[in-house]
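Below: one structure in structure tokens.
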Amino acid sequence: ATRIADAMQEKVLADIAAGAADADPEGFVAVGGWSLFAATDSAGDRELWRTDGTVAGTGLLANLSPSGSSAPAEFSPVVGGVLFTADDGPHGRELWFSDGTAAGTAMVGDLAAGPMSSRPAGFEAIGGAFVFAAETLAAGRELWVTAGTPESTGPLPEILPGPLSSWPEEL
């Protein structure tokens, strides 16, 4: 029984939250031979991590908010990488893209300019793009579209024109 138990032990790829703390890794999305996910380190900072399924290939990809936790979420695979949301501090929660490298990880756009969060959510694939809900002061919460680049990202015609929200949900 000991041999079977030893053979079935889980492999720890990284002790993200050293010691007894729980890193609470979640949001895994696979693209090619790697995955991105959110995890909390021992200092309580929730950031963007990457793994290729090996110990050597698992680590912090980018600290998107040096002054606090960026709390990446809403991971969705797109051509060439992953769309997700994160809060870098100065721009609030906005839309981001990563090709799986630190250099290829950047905010797609500050949809609600300045510190206000656009809170993008509900990504739904349609063709080669994603429709999602986001919020601005001018239009409220309405539908947007993106293919993961600044040039492909923009609002769709407002359902409820003006600053009031149409509140599109469950896309």
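The values are calculated or read from the model by the stated rules, or taken from the named source; none is laboratory data. Note that the structure is predicted; figures quoted are calculated from it, not measured. No Cβ is skipped: glycine too gets one built from the backbone with ideal geometry, and neighbour counts run over all protein chains shown. Areas reflect the complete protein model, heavy atoms only, side chains present, ligands, DNA and RNA absent. Shrake-Rupley method; radii C 1.70, N 1.55, O 1.52, S 1.80 Å.
With the requirement that a residue be touching a strand residue (DSSP E or B) at 6+ places or on another chain (Cβ under 7 Å) and open to solvent by 30 Å² or more (accessible area, probe 1.4 Å), what does the stretch 50-84 give you?
Across the stretch 50-84, the qualifying residues are Arg50, Asp52, Leu60, Asn63, Ser69, Ala71, Ala73, Glu74, Phe75, Pro77.
Answer yes or no: is there a residue in the stretch 158-166 that is closer than 24 Å to Ala14 by Cα and buried (at least 16 other Cβ atoms within 10 Å of the Cβ).
No, the stretch 158-166 has no match at all.
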